[in-house]
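The values are calculated or read from the model by the stated rules, or taken from the named source; none is laboratory data. Computed from a prediction, not measured in an experiment: that's the story for all the values here. Because the Cβ atoms are built from the backbone with ideal geometry, glycine has one as well, and the counts that use them run over all protein chains shown. Quick note on the areas: whole protein, heavy atoms, side chains included, nothing else; ligands and nucleic acids left out. Shrake-Rupley method; radii C 1.70, N 1.55, O 1.52, S 1.80 Å.
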Amino acid sequence: MRVIGLMSGTSYDAIDAAAADLELVGDALVLRPLGMVSEPYDEELRGALAAALPPGSCSLGEVCRLDTRIGQAFAAAAVRADRELCDGRAELVASHGQTVYHWAEAGRVHGTLQLGQPAWIAEATGLPVAADFRPRDVAAGGQGAPLVSLVDLLWLRGRQGTPVALNIGGIANLTAPDGTAFDTGPGCALLDAAARAFGGGTPYDADGALAARGTVRPALLRRLLAEPYYALPPPKTTGKELFHSGYLRRALSGLGALSAEDVLATLTRLTAETVADAVRRVGGTEVIASGGGTRNPVLMRDLRERLARVPVRGSDESGLPADAKEAYAFAVLGFLTLHGLPGTVPASTGARHPSILGSVTPGRDGLRLPAPGRRAPRRLLVE
């Protein structure tokens, strides 16, 4: 089955569309990557989304407008991916949507909201659309994240030692071979907030250039590392509901004037420290990293220094492009949903049981489901 996976993460800078041929062969799910295209949000939509996210607020009217406009933007990305990557022969679109709120309190997730109405995608492409993946796991008592953990576990199975899959987006998360999976804390969320506030309005610290010129400020780092979230046991998840621009302003309060470079250097060290601590906590012997944060050389240098003898490799070396891995992961989850197979691991999310995820919007020709999978795959083979 040829599937397009759509993903926009907590950095909300662009929609990634990755296409793959997926096939169940024995106990393996075989994934043949077909490539990725990326569609940046237009500035008006990105600005409206930024204003609506915590610590901002918005009306129900604005939620409706965002749901429609994000759905239309995802639809355009899917149409392009079908044309350029699939020769117009895609059979399914799997859309993560745009997370706008993750309702977590005292270690428990009560709800989660992703916008990007899938009807727009189905109408534009004519294809069935699997979407709204997270709420079913939440309803089963889980965190609803990180959902890539199932894909990570299938993909890492058979590697020696204790390989850890790490994704550094706005929020960083990891998966260990025993099924332990959790958000480690901010990946680029606070870095991006600082770049916008102190870097002349730039959306992010490109190539870590500001951080590279700065000095880590111990007082600020100690204050940031005192955040109670880091001490919570997994499974746990977080988001920009906690790590946002207001959080950063409170952390800087009373510390005097700090340069943008020093703030960025300290926040980069924070991400490296918290990720490295999480890797050590699960006994990681190897880190396979993906996500936009891997393009920040200062962050990756700091992380490698903190992990010392634990090698840090890009997911590209194992067949999944670092920038596209999450989009491929949701293509896999959509494929599993359509085949009636579970897309969660209770050990990863804390749910009471595995769940078949999401809902399916029929395409132009109605909904023709494939024969249900006889058993869940045990391995992911990338060819």
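Sort largest first and round to whole Å: the equivalent ellipsoid semi-axes of region 256-383, each the square root of five times a Cα gyration tensor eigenvalue. Let's see the in-between values first.
Values: eigenvalues 274, 63, 47 Å².
Sorted largest first and rounded, they come to 37, 18, 15 Å.
Taking only protein heavy atoms into account and a 1.4 Å probe, give the accessible area per residue of region 311-360 in Å². Walk me through the intermediate numbers first.
Working: 1560 Å² over 50 residues.
Accessible area per residue, region 311-360: 31 Å².
Which order do the peptides 216-222, 93-99, 27-33 come out in when sorted by mean C-beta neighbours inside 10 angstrom, highest first? Please report the intermediate quantities before stating the final value.
Numbers: 216-222: 14.9, 93-99: 29.3, 27-33: 17.7.
Result, highest mean first: 93-99, 27-33, 216-222.
Give the carbon-plus-sulfur fraction of the accessible surface of region 108-259 in %, rounded to a whole number; probe 1.4 Å, heavy atoms of protein chains only.
Numbers: 3110 of 5850 Å².
Here carbon and sulfur together make up 53 percent of the probe-accessible area.
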Return the label of the correct value of percent of Cα pairs over 34 Å apart, as calculated from the structure shown, out of (1) 27; (2) 23; (3) 43. (2)
Give the shape of region 145-287 as rounded, prolate or oblate, defined through the alpha-carbon gyration tensor: a ≥ b ≥ c are the square roots of its eigenvalues, a/c under 1.5 means rounded, and otherwise the shape is prolate if a/b is larger than b/c and oblate if not. prolate
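Between ASP207 and ASP178, what is 0.36 nm times their sequence separation minus the Cα-Cα distance? Round to one decimal in nm.
Numbers: separation 29, 0.36 × 29 = 10.44 nm, distance 3.38 nm.
Working it through step by step, the gained length comes to 7.1 nm.
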Working from Cα positions, state the angle (0 to 90°, nearest 10) between the long axis of helix 60-85 and the longest principal axis of the chain. 60
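I'd like to check one number: the per residue accessible area of region 169-257, probe 1.4 Å, reported in Å² as a whole number. All intermediate terms of the calculation are to be shown ahead of the outcome.
Numbers: 3720 Å² over 89 residues.
Solvent-accessible surface per residue comes out at 42 Å².
Once you have a ≥ b ≥ c as the square roots of the Cα gyration tensor eigenvalues for region 48-196, tell me rounded if a/c is under 1.5, and otherwise prolate or oblate according to whether a/b is larger than b/c. The partial results should precede the final answer.
Details: a/c = 1.73, a/b = 1.16, b/c = 1.50.
Taking the square roots of the gyration eigenvalues as a ≥ b ≥ c, region 48-196 is oblate.
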Counting only residues 5 or more apart in sequence or on a different chain, those whose built amide H sits under 5 Å from that of LEU381 are LEU29, VAL30, LEU31
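Could you order ARG375, ARG80 by accessible surface area, starting with the largest, using a probe radius of 1.4 Å?
The residues order as ARG375, ARG80, largest area first.
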